Amino acid sequence: MSKGRLEAFSDGVIAIIITIMVLEMKVPHGADISAIRPLVPVFISYVLSYVFVGIYWPNHHHLLHAVERVNGSILWRNLLLLFWLSQVPFTTGWMGENHFAPWPVAAYGFVMLMAAVAYYLLVRAILAHHGKDSRVATALGRDIKGKVSVLLYVVALPMAFINRWVACGIYVLVALVWFVPDKRIERRLAKD
């Protein structure tokens with residue numbers, strides 16, 4: 001099967017996720033600067049989530065760019081990734097509205113963990129379909145960043161109940177690790 005529809009659908013869903021997140025930000029009631037103060041946690045959680053969704057989009061784009069064809073397993077695993085990403089607006093709003101309380105911070109981390117696992121499963125399906133000697137397999141290599149990200153999320157989940165700020169710091173650390181899109185695929189495709 002061609003990958004074009006998968007790419008277009010995924011891009012559309014990710015755009016909708018970002019739109020939903022920004023629509024969750026409410027206009028302050030009041031004209032002075034103090035009216036913005038209660039919205040600071042909402043804005044901070046929005047920025048963090050925008051960065052995360054923004055990180056998934058180019059990495060997903062690069063991944064699919066290296067893919068030559070798709071099958072049912074890839075389609076379903078891509079849907080699983082999009083499902084977990086679609087939960088980001090909910091947990092973002094919950095976390096921001098409740099000023100980074102432990103349960104919302106843990107729920108946010110759980111959604112991020114599941115999105116990372118879903119991305120990993122998508123990569124595994126792509127590799128299974130294309131083979132271990134394919135250009136996508138050689139471009140991905142060992143995927144250390146992906147494995148470290150999952151580990152960091154696993155550490156952050158219980159940390160949300162011990163020290164929510166440390167858990168949030170771990171989320172920021174994961175974002176920093178991924179902030180620059182993965183260049184392995186670009187380098188591999190440039191050789192072809």
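Of all residues in the range 1-11 being in a helix (DSSP H, G or I) and loosely packed, with under 12 Cβ neighbours inside 10 Å, which is nearest to the chain's Cα centre (by Cα)?
Filtering first and then ranking leaves Ala8.
Starting from residues that are over 30 Å from Ser73 (Cα atoms) and within 18 Å of the chain's Cα centre (by Cα), keep the ones in the range 157-172 and report whichever is most open to solvent (accessible area, probe 1.4 Å).
The initial filter retains those residues of the range 157-172 that are over 30 Å from Ser73 (Cα atoms), namely 158-170, 172.
This time we only want the ones that are within 18 Å of the chain's Cα centre (by Cα), so: 167-170, 172.
Values: Ala167: 0, Cys168: 14, Gly169: 38, Ile170: 22, Val172: 67 Å².
That would be Val172.
Name the one entry in Val105, Val40, Val111, Val51 that is of a type in the set (Val, Ile, Thr) and more than 17 Å from Arg164 (Cβ to Cβ).
Details: Val105 fails: more than 17 Å from Arg164 (Cβ to Cβ); Val40 fails: more than 17 Å from Arg164 (Cβ to Cβ); Val111 fails: more than 17 Å from Arg164 (Cβ to Cβ).
Answer to the check: Val51.
Within the range 125-142, which residues are at pLDDT below 75 and open to solvent by 20 Å² or more (accessible area, probe 1.4 Å)?
Matches in the range 125-142: Thr138, Gly141.
The values are calculated or read from the model by the stated rules, or taken from the named source; none is laboratory data. As the structure is a prediction and not an experimental result, all values here were calculated from the model. Note that each Cβ is placed from the backbone with ideal geometry, even for glycine, and that neighbours are counted across all protein chains shown. For the accessible areas, the whole protein counts, side chains as well, though only heavy atoms, and no ligand, DNA or RNA atoms are used. Shrake-Rupley method; radii C 1.70, N 1.55, O 1.52, S 1.80 Å.
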